[in-house]
Structures are given as structure tokens and as C-alpha cells.
Amino acid sequence: MAYYGISSNLVVYLTKKLHQGTVKSSNNVTNWVGTIWLTPILGAYVADAHLGRYWTFVVASVIYLSGMSLLTLSVSLPALRPPICKDANVENCKEASTLQLAVFFGALYTLAIGTGGTKPNISTIGADQFDDFHPKEKAYKLSFFNWWMFSIFFGTLFANTILVYIQDNVGWALGYGLPTLGLVISVAVFLGGTPFYRHRQPTGSPFTRMAKVIVAALRKWKVSVPNDPKELHELDLEEYAKAGKFRIDSTPTLRFLNKAAVKTGSTDPWMLCSVTQVEETKQMLRMIPILISTIVPSTMIAQINTLFVKQGTTLDRQIGNFKVPPASLAGFVTLSMLVYVVLYDRFFVPIVRRWTKNPRGITLLRRMGIGLVFHIIIMITASLIERHRLSVARQHGLVEKGGQVPLTIFILLPQFVLMGTADAFLEVAKLEFFYDQAPESMKSLGTSYSTTSLGVGNFISSFLLSTVSHITEKHGHRGWILNNLNASHLDYYYAFFAILNFLNFIFFLVVIRFYVYKAEVSDSMEVLAEELKGMRLREPNQVSAHG
């Protein structure tokens, strides 16, 4: 609620209160959101290597609260924002001073540091509460991420409807004060549950462990890998059991890295790594092409809080005496997401499971693929709707003066509803995929992969917006993205995005052909059951042998 309460309407605050233009305000939003989604890499590192997930989350929550409090203060005090300006053209309004911008953006980026420690760790802490070696708990875990995203988007729905209405019609002080209070309550609830949590201890820097494997493999690049994996260096099973870790068998994928486990006489950790350490590194590296394929759709998601909202400001928002806040349409992304997550978990999975025999219904990568197809449809739809909006603006002579177009804001609904549908497939599957496929000792880092794509996507959105705006204004042409959207060509820009999504989908299809799951998702439950059955059968025999 706190994060979406700010991001949903931030472009409106930057435009109307800090008097920034379309490109500048949109880029400031995507740069900040990009930072929000990239800092989890740092938070994941601190959690996995030093503090553990629980304490990283607690410390980050304090930073998060500090940022929210300062932000509420900056929108509340008249001295911390420029004077009110009624001119439709923001270029004629007084700009915010350096001090005003420093306080506002200082608060935003303090908040970004806080989210770096909360985002990758809270969902991981939740998933850690399920025991992978207990079949019933593992079955529950298959639904966890669906309901995790459901709860997140329930908070988002409140932010996109009630909060944005309060910000637009009551005041920004209350609009930011409420999520700050909500954050205090939610952190208190989390702390209240402390005695009941299963805590995972930090296992050292995942980056260092991965670097050792890559360096060792490169230093032994001339060494041949034995055909029998048992000849490779591996620790005793007891050592893993004592440390509460999992041993992983050697796999033929990314065979070059197996050189790191070839015995050459040296025991230097930068020359000799265990098979498990090599396999952990492989698992993290194998996911990178999948991560790259999720960046383009993340760039599309960035449009919800920038250009989609700006489009809404040009349309008729009146329903009787009520004026719809443009950012509140993002609530339909959330509603659509909530509906489809429930339908997916309660109806789609049980029906498809009978046919595929997969506990998840379909594999995580197939679910992501469906989401990518929706992103192509979204941008085609958005381009056609914008084309219609521009034609009505031309018919009513509103191109040059940039007035309100006599069309209801609800013509934008299809692109918002479809975005929620895409999220129910892609975003949920992405979060679960990167958690599920990451090694046990690198779960926070794996979870941060899902936020990394959102971060990079937002920065790419800023880059594309600035670049396309600059290129299309060359040689005296009227650009595609201007402060006056009625004179712009967002329909061309969205069509460009549709092509980009199509090319990205082709790339995704190529990537998944070569991806090997850490463990076959379709039979992991059965394999686990067989292992547990085998362990139970062995235990009595071991007792009688010792007797």
C-alpha cells in the first residue's frame, strides 16, 4: 500500500505540484521505480551473506519508515513545495527550488534503500515457513506465491482507489500520511509473529561463492573433466547435514564450470570448489537468460504509472459530481489481477492438473509465456485506443490548444484490465520461478532476480522515452511525446512497444528450449514422496544394524 500509494500518482504530483514536463516527470518516476526494484540485489546480498533475512527486513523497515515520514513532511509543509500554479502549461509555472527537490527526492531515495531490504526478503521469509521435506507443506507452498501476490495487490487496490482519490481531492499530506501509518502497523504485526517463524541462518556471500567457481574454472580451463562425476571434489554428506545445507549432484549443463571441481592437488578455494558449489552457480547463471526475457514486459508495466496516467488527464473524468483521479484506473489492473489469481489457483490449476499431472497445472515457464503474449495484445490495444483518442481530438480542434478530449476516461480500461491479467500469469510465475529455481542458500538473491527485471525495465523505459522523444523531434518534426499529448503520437510509441514485445517473445521461446529445471517441477512431489518413503524404510534397518 505504501509503495503503490506513492508510485501510482507520483507523475501527477511532479507535474501539478513540482511543475515538471511530461518527459521529465515520467523519467523521474521510472528512474525512482527502477531504483526501488534494483536495490533488492543489495538487500538480498546482505541477507544471504551477513544479517539473515529476518534482521535485514527489520533494519530495512526502519529506513523505509524514515523515508515515508520525510516524504509526508515534504508534501505537508508549504515551504517545501513551489507556489500553486493554475496555468495549464507547466513551463510558465515557477519551478521547485534546489532545497525543495533535495528534500522530496531525498525522501524518495531513502525509501528506495528501505525497500531494497524488504522486497527480496519478506516473500522469502514467507516461503521459508514451509518445509520442503514435508509433502503436505510442500503442497501448500505451491499456492503460496499466488496468495502472496493476492495480498500485495489487495493493498495496491486500496492505494490505487482510496489513496489516489484522497491525494487528488483532499490533500497530499493525508494521502501520504495514511500509508505511513499503515506501514507502522504492518511492521508491528510482522514483529509480533517473530516467536513463531522458522529462521534461516546467513550462509556467506553468494557472489563470492559464485566468483570462486568461475575463477577456478577459468584457471583450470585446460584441464579435462572426468567422465565419472564421482571423481570430482565433493564434501561428505555429514558436513552438509551438520550445516543444514543440501548437497547437489553434478549435471552435464554448463559443463565448463565443472572444471572448478576437478582435483589438481591444490585446496585453494579459488582453485578447487565442491560439486554443490558449482551446481549452485550453474543454477543462478541458467536463470539469467530468463531474467533478460522479463525486462521488456517490465518496461511495459512502467507505462501504467506514467503515460497511461497522463493519457487519463486529457479525458473526461466526471461521473455526476464525482471526478475520477487518473491514477485510480490502475485499480483495474489490481482488480483484474486479484480475480485472475483466484480463478487460476482455484479453478484452472485443479482442472489442468488432471491432464498434465503437474502439481502447478502448467510449468512456471509456460505460465510466464502466456503473460508475455498478453503484453503483445496490451500494447496493440493501447495503440488503437490512443489512435481513436487523437482522431477525436482532431475532430474537435483540440490538437494545438491541448484541451480535454470529449471521451470518457474509461476508454482506457481495456489496457489496464489486460495488464492485470498479464500480471496474474507473468509476475506471479516470475516471482515463484526465481525463488523455486534458486539454490537453498541463495533464495533471497534468486527472489531479487524478479525485482531486478522490474528495475532494469523502468530504466529502459526512461531511456526509450528520452531517446524516442529526441529522435522524433529532429529535423523540425513534431515529436511523438510532447507535453501536449493531443499533439503527440503515443499511438506510434505503443505500436513500437508491441513490436518490441513480439521480438522478446521469440527470444523467450528460444531461451526456454535450452532451460533445464533445477528439479522437474512436474514430478518433484512424487520424487520427494519416494525419497521420504525410502528414508523411513532405511531408518529401522540402520537401528537394527547398530543394535
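Brief remarks follow.
- Seen from every direction in turn and averaged, the convex hull around the alpha carbons of region 40-163 projects onto 10.7 nm².
- Distance from the C-alpha centroid of region 348-371 to that of region 458-522: 29 Å, rounded to the whole angstrom.
- Nearest-0.05 FRET efficiency for Tyr140 and Phe322, computed from C-beta distance (R0 45 Å): 0.60
- Tilt relative to the chain, helix 275-286 - C-alpha long axis, 0 to 90 degrees, to 10: 20
- Note on Trp147 and Gln404: with the Förster distance fixed at 30 Å, the Cβ-Cβ geometry gives a FRET efficiency of about 0.15.
- Stretching the chain fully between Leu181 and Leu77 yields a gain of 35.6 nm (0.36 nm per residue, less the alpha carbon separation).
- The modelled label-to-label distance between Cys85 and Trp270, using points 7 Å beyond Cα along the C-beta direction, is 5.6 nm.
- The value for the chain of Rg(Cα) / (2.2 N^0.38 Å) is 1.07.
- Label-point separation, Lys94 to Trp55 (7 Å along Cα→Cβ), nm: 4.9
- Taking every protein chain into account, the 1.4 Å probe leaves Met68 with about 0 Å² of accessible area, to the nearest ten.
- Degrees between helix 413-437 axis and first principal axis of the chain (Cα, 0 to 90, nearest 10): 20
- Nearest 10 degrees, 0 to 90: helix 172-192 Cα axis against the chain principal axis: 20
- Residues in the chain average 45 Å² of solvent-accessible surface per residue, probe 1.4 Å, ligands and nucleic acids excluded.
- Between the listed residues Ser123, Leu38, Ile84, the Cα displaced farthest toward the positive end of the dipole of the chain, a dipole computed from Cβ unit charges relative to the Cα centre, is found at Ile84.
- Estimated inter-spin distance, Trp355 and Glu231, nm [label 7 Å along Cα→Cβ]: 4.8
- Sorted largest first, extent of region 291-354 alpha carbons per principal axis (Å): 51, 35, 10
- Estimated from helices alone, the mean residue ellipticity of the chain at 222 nm is -21500 deg cm²/dmol (sum of -39500 (n - 2.57) over DSSP H runs with n ≥ 4, per residue).
- Protein-only accessible surface at a 1.4 angstrom probe places the residues Tyr140, Tyr435 in the order Tyr140, Tyr435, largest first.
- Theoretical gain in end-to-end length, Ile292 to Phe207 [0.36 nm per residue, Cα-Cα removed]: 28.7 nm
- Apportionment of accessible area to carbon and sulfur, the chain, percent (1.4 Å): 65
- With pairing defined as another cysteine C-beta under 4.7 Å, the cysteines of the chain that fail it are Cys273.
- Ligands, DNA and RNA excluded, the heavy atoms of Ile185 present near 100 Å² of accessible surface to a 1.4 Å solvent probe.
The values are calculated or read from the model by the stated rules, or taken from the named source; none is laboratory data. Treat the numbers as computed from the prediction; the structure is a model and nothing was measured. Here Cβ is always computed from backbone atoms with ideal geometry, including for glycine, and neighbour counts include all displayed protein chains. With ligands, DNA and RNA removed, areas are computed over all heavy atoms of the protein, side chains included. Shrake-Rupley method; radii C 1.70, N 1.55, O 1.52, S 1.80 Å.
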